[in-house]
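Here the structure is laid out as structure tokens; the discussion comes afterwards.
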Amino acid sequence: MKVGLLTGGGDCPGLNAVIRAVVRRVSDAGGTCVGVLEGWRGLIRGTFRPLDPREVEPLIGRGGTLLGSSRTNPYKNPDADVPRVRQNLLEAGIDALVVVGGDDTLGVAARLVNDFQMPIVGVPKTIDNDLMLADFSFGFDTAVNVVVEAVERLRTTAESHRRVIVVETMGRNTGWLACFAGMAVGADYVLVPEVPIDVPHLVAALKRVRGSAKNHAIVVVAEGARYLDADPPVLDAEAFGHPRTGGIGALIADVIDRQLRVETRTVVLGHLQRGGAPTAHDRVLATRMGLAAAELVLRRRFGTVLTLRGSQIADVPLDSAALATRSLDLAFYQDAAAFFY
């Protein structure tokens with residue numbers, strides 16, 4: 001069996017560990033693996049590379065993805081690009097395709113399965129932890145730890161200058177990353193998309209902090225946080241047409257500066273949260289996901305995507321219902337809020 005691997009969407013710590021596990025398991029079963037370069041763009045262009053078990057063995061601790069990635073969507077130009085995807089897979093002699101990605105990348109895979117019964121197995125990944133498929137996604141733990149390290153460094157500056165520092169995290173339209181990181185660093189306030197911004201409450205909470213022995217404050221805000229009456233975001237120019245996020249940190253800092261009359265600074269962590277070596281937790285989870293995906297391929301259970309419930313990996317049909325977005329469980333936010341309410 002010849003198995004193709006594709007990684008799409010934003011890069012994520014643990015992708016290389018998935019590649020390593022799939023290649024190793026397929027090779028042990030007598031098959032071969034080939035990598036598709038730069039996500040769905042590689043299938044449109046027909047760009048592949050062989051994947052040798054010896055080459056991928058050291059990859060378990062490396063961030064990013066050996067295969068490259070893109071946000072290309074063949075269904076943006078279906079009359080030309082979808083036939084190219086099918087033809088290039090056929091010409092490359094690929095018997096099955098393992099697609100590793102978030103809701104966008106897996107959404108394309110689900111359409112190809114539905115439209116053409118393509119032999120695909122999906123593996124969910126996201127640093128945002130916003131997929132209904134998995135209680136926790138690989139890459140999330142690493143991103144949380146990156147935010148924690150950054151805030152701990154910023155805290156010394158905040159203490160030295162008696163400032164409020166607003167730290168803006170990724171997360172798109174969910175608050176998992178901001179909430180977990182905020183709780184882990186003992187943030188004085190956390191703002192998430194699931195709870196509309198309450199400026200009077202935020203300012204009052206920070207006043208209480210300033211009124212105590214503490215001379216500084218840390219506010220963590222998810223990029224998708226918004227006011228209750230905010231205008232809808234403007235669509236960006238990316239292939240999947242997501243609303244543009246980001247910039248909320250600066251707005252919150254300005255409000256704090258004006259209303260609290262305390263010097264306030266903003267730090268947008270941005271793509272730092274995607275980079276670097278995966279944590280031990282994410283290496284283990286990604287390896288388990290890769291092995292499970294390879295088993296589905298070898299058993300020819302196509303049109304499926306992996307799930308994680310607790311510590312148990314299983315599979316469900318790869319369709320739009322499986323790719324629903326999972327908002328932050330507000331029980332976690334209530335625990336975080338116990339320290340600023």
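Observations, loosely collected:
- Boolean, R20 is within 30 Å of N145 (Cβ to Cβ) and in contact with an Asp or Glu (Cβ under 9 Å, 6 or more places away or on another chain): yes
- The numbered conditions (1) out of contact with any Lys or Arg (no Cβ under 6 Å at 6 or more places or on another chain); (2) at pLDDT 95 or above are all true for G35 except (1).
- Condition check for L6: under 15 Å from L97 (Cβ atoms), aliphatic (A, V, I, L, M) and within 20 Å of the chain's Cα centre (by Cα): yes
- The set of residues from region 147-178 being closer than 13 Å to V221 by Cβ and out of contact with any Asp or Glu (no Cβ under 9 Å at 6 or more places or on another chain) comprises V147, V151, I165, V166, V167.
- Positions within region 88-105 being over 18 Å from R274 (Cβ atoms) and either in contact with a Lys or Arg (Cβ under 6 Å, 6 or more places away or on another chain) or touching a residue at least 12 places away in the same chain (Cβ under 8 Å) (or both), in sequence order: N88, L89, E91, A92, G93, I94, D95, A96, L97, V98, V99
- In summary, helices (runs of 4 or more DSSP H) completely within region 1-101 and bearing 3 or more residues that are among the charged types (D, E, K, R) occur at 15-28, 78-91.
- Test: residue in region 106-120 that is among the aromatic types (F, W, Y), more than 10 Å from the chain's Cα centre (by Cα) and more than 25 Å from G31 (Cα to Cα): no
- Candidate set from region 198-238 (those that are surrounded by fewer than 19 Cβ atoms within 10 Å (Cβ to Cβ) and closer than 25 Å to G101 by Cβ); member that is modelled with the lowest pLDDT: L235
- F136 part of a loop (DSSP other than H, G, I, E, B) and in contact (Cβ under 8 Å) with a residue 12 or more places away in the chain: yes
- Residues of region 114-128 that are surrounded by 24 or more Cβ atoms within 10 Å (Cβ to Cβ) and of a type in the set (S, T, N, Q): T126 alone.
- Comparison of N129, N215 shows that the only residue that is part of a loop (DSSP other than H, G, I, E, B) and touching a Ser or Thr at 6+ places or on another chain (Cβ under 8 Å) is N129.
- Close pairs from region 281-293: first farther than 14 Å from V56 by Cα, partner of a type in the set (D, E), Cβ under 7 Å, at least 6 apart: H281/D141; D282/D141
- Only one of R20, R41 that is buried (at least 19 other Cβ atoms within 10 Å of the Cβ), closer than 18 Å to M118 by Cβ and of a type in the set (D, E, K, R): R41
- Flag for A110 being modelled with pLDDT of 95 or more and either touching a Phe, Trp or Tyr at 6+ places or on another chain (Cβ under 8 Å) or outside the structural domain of A292 (by TED's automatic domain parsing) (or both): no
- Residues that are of a type in the set (G, A, S) and more than 13 Å from V144 (Cβ to Cβ) within region 160-208 comprise S160, G186, A204, A205, listed in sequence order.
The values are calculated or read from the model by the stated rules, or taken from the named source; none is laboratory data. Just so you know, these numbers come straight off a predicted model, no measurement behind them. Here Cβ is always computed from backbone atoms with ideal geometry, including for glycine, and neighbour counts include all displayed protein chains.
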